[in-house]
């Protein structure tokens, strides 16, 4: 009933193939090295293995087309893994080709690390970009965040939980604010309760026996306020892993609080498509996203 009532408010793409096709051919250049977010050790680290060291991969845009905008990218993986290729490396390359500086976050994962560790890692990435804005020739007021699936839940958490930074912090990066200037949510996990929740993400993030009040507090459609940054959302009707109602719930909350937002729900396409196969209408989402970013002054189409 919820989806049916919202059909007039949603852009539905034309039908295409029922099954997802092979992904677009990607650039074969290797990803950059991971830089630790905390060179002296991350807060709450439980060891010194790779999974204990949150970091970022930095992708500068070509100088001749650079827009001064940066996007922090949060790959998905159910909070138990990271889809660093098609939801990280490939996305950064696409952003670079459009003059946007990209930073892919390697955040810590469950079940070893629970909330709010992942939030702190993503916030640190935003602070890091702002701290280096002058060095990287970026506009510190044009720093956005983009996330897929569980990374979309992390992104929506960053969009609804942020601060102005600590002006007295000894660590200069911590003096920077963590509020993104815009957000892009790709087939995101939003709610953690009810029929549309993604149980695997919830359990990895919070544990199977998490306090119901904590679980409810991270149903991010309930945390939207008028201060939530402008947001662009993409989903598909065929997504059975993370139903499109997740995006719909967040979009409804954005509209309720008059937050500038745009949502596209495509008819065809399974979960986890990244940029998408060329023969599905879903693959038009990058152009639609760039058009939205341009309309808000964050890109040049």
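Just so it is clear, none of the values below were taken in a lab; they were calculated from the coordinates. These figures come from a predicted structure and were not determined experimentally. Using ideal geometry, Cβ is built from the backbone for each residue, glycine included, and neighbour counts are taken over all protein chains shown.
List of remarks:
- Top of 29, 217, 261 by mean-square fluctuation, Gaussian network on the chain, Cα under 10 Å: 29
- Cα-based equivalent ellipsoid of region 43-106: semi-axis lengths in Å, sorted from largest, via gyration tensor: 26, 13, 8
- In plain terms, the bigger the Kirkwood radius, the slower the diffusion; for region 64-167, with that radius from Cα pairs, at 20 °C and 1.002 mPa s, Stokes-Einstein puts D at 155 µm²/s.
- Within the chain, percent of DSSP bridges classed antiparallel, to nearest 5: 20 percent
- The Cα trace of region 123-231 gives Rg and Dmax of 15.2, 46 Å, the first to one decimal, the second as a whole number.
- Sequence of 221, 227 once ranked by neighbouring C-beta atoms within 10 Å, starting from the fewest: 227, 221
- For region 217-301: relative contact order, % (alpha-carbon pairs under 8 angstrom, 6 or more apart): 29 percent
- Computed on region 52-102, with alpha-carbon pairs under 8 angstrom and 6+ residues apart, the relative contact order is 54 percent.
- Gyration tensor (alpha-carbon) shape descriptor, region 222-301, a/c threshold 1.5: oblate
- Separation of the residue 135 and residue 40 label points, Cα + 7 Å toward Cβ, nm: 1.6 nm
- Working from label points 7 Å from Cα in the Cα-to-Cβ sense, the residue 241 to residue 216 distance is 3.0 nm.
- Normalised contact order of the chain, rounded percent, pairs of Cα under 8 Å and 6 or more residues apart: 21 percent
- Modelled FRET efficiency - R0 45 Å, residue 81 with residue 258, Cβ distances, 0.05 increments: 0.80
- Cα gyration tensor category, rounded, prolate or oblate, for region 168-301 with a/c compared to 1.5: oblate
- Calculated FRET efficiency, residue 227 to residue 168, Cβ-Cβ distance, R0 = 25 Å: about 0.60 to the nearest 0.05.
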